[in-house]
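S.K.: Pasting a structure below so you can have a look.
Rule-based calculations on the coordinates, nothing more; no lab input. Nothing here was measured: the structure is a model prediction, and the numbers come from that model. Because the Cβ atoms are built from the backbone with ideal geometry, glycine has one as well, and the counts that use them run over all protein chains shown.
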Amino acid sequence: MLSQRLKIARNNAGFTQDDIAGYLRVIRQTYSAYETGRSKPDSDTLKMLAKLYNVSADYLLGNTNNPTPYDQAPQKPTIEETILNNDELSEESRKDLLKQVQMFKMLDELKKRNEEEAEELKPKLT
């Protein structure tokens, strides 16, 4: 699976084996061996190839059919985005809810700071 996907990814990217060999600083025969399955790239080389081809290493290895790199996968929407995109609430209710979320975030930040300050004071009190 790896050898096939390497060849497909290289062709899709418009590179020659010589191009990739130069990028990896290996001879063309070494890279050719990856594409024919006679040899496998080490993990660092696999990471470099995945980055170059803009696919995930798991895709190259055949662990998934989704080529999208993990750092480009859709992210979970923030609570603010969820509230703003909710058509079940009126605009006024969405604004009020956003204010409440901001207040809770501020409270959490204050609690965190207080806990950190309390931890810093412990050594001084003993």
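S.K.: What is the dipole size for region 2-72, taken about its Cα centre, with +1 at each Lys and Arg Cβ and -1 at each Asp and Glu Cβ, in debye to the nearest 20?
M.R.: 160 debye
S.K.: Indicate the gyration tensor shape class of the chain (rounded, prolate or oblate), computed on the Cα atoms with a ≥ b ≥ c the square roots of the eigenvalues: a/c under 1.5 is rounded; otherwise a/b larger than b/c is prolate and the rest oblate.
M.R.: Oblate shape, in that a/c is at least 1.5 and b/c is the bigger or equal ratio.
S.K.: Which of the aspartates and glutamates could be linked to LYS111 by a straight reach, that is with a Cα gap under 16 Å, when you skip same-chain ones fewer than 8 residues away?
M.R.: GLU119, GLU120
S.K.: Determine the sum of side-chain charges near GLN29: Lys and Arg each +1, Asp and Glu each -1, restricted to other residues whose C-beta is under 14 angstrom from that of GLN29.
M.R.: Within the 14 Å Cβ shell, the charges total +1.
S.K.: Under 22 Å between alpha carbons, and skipping anything fewer than 8 positions from LYS95 in its own chain: which lysines qualify?
M.R.: Within the straight-line limit of under 22 Å, LYS95 reaches these lysines: LYS76, LYS105.
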